[in-house]
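All remarks here apply to the structure that follows.
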Amino acid sequence: MDIIFLGGLKIDTIIGIYDWERVNKQTIELDIAMAFDIQQAAQTDDIQYALDYKTVSERIIQFVENSQYLLVEKLVSEIADLIRHEFNVPWVKITLNKQGAVPAANTVGITIERGRH
């Protein structure tokens, strides 16, 4: 299986458990790796057989911008489900970075894998 990736996808959203987080958007950053068989796309040079990463990124941005989850665990799990089901991706690995969540750390977040590689 081949890997299609999106790196450093930055999106503003409401995320967090504190009162100020419920009214102020924060920027999250996503690194996403998706398993996808690219052989037919490579042989035909036809986008219909490819995982259109522009369409995937636009859908993720739309979803995250309109979400208001309390926990990053819930948000990243929902993103993984969206990718796997809407784009027929058998395996996805996502790292969500919520910069600024811990003042002493440059980055903080979570990495999940769903499906079979």
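The values are calculated or read from the model by the stated rules, or taken from the named source; none is laboratory data. Because the structure is predicted, anything quoted here is derived from the model rather than measured. We place every Cβ from the backbone using ideal geometry, glycine too, and count neighbours over all the protein chains shown.
Residue under question is Asp81, and the condition is that it be at pLDDT 95 or above, over 16 Å from Leu30 (Cα atoms) and among the charged types (D, E, K, R); does it hold?
Answer is no for this residue.
Under the condition of being polar (S, T, N, Q) and assigned to a helix (DSSP H, G or I), which residue from segment 41-78 is surrounded by the most Cβ atoms within 10 Å (Cβ to Cβ)?
Only one residue tops the list, namely Ser77.
Select, from Thr44, Thr27, the only residue that is more than 20 Å from Gly7 (Cβ to Cβ) and not basic (Lys, Arg).
Of Thr44, Thr27, the one residue that is more than 20 Å from Gly7 (Cβ to Cβ) and not basic (Lys, Arg) is Thr44.
Looking only at segment 68-103, which residues are in contact (Cβ under 8 Å) with a residue 24 or more places away in the chain, over 17 Å from Tyr53 (Cβ atoms) and within 13 Å of the chain's Cα centre (by Cα)?
Val72, Glu73, Leu75, Val76, Ser77, Asp81, Leu96, Asn97, Lys98
Among the residues of segment 79-97, what is the count of those that are under 14 Å from Gly115 (Cβ atoms) and either of a type in the set (A, V, I, L, M, F, W, C) or crowded, with 16+ Cβ neighbours inside 10 Å (or both)?
11
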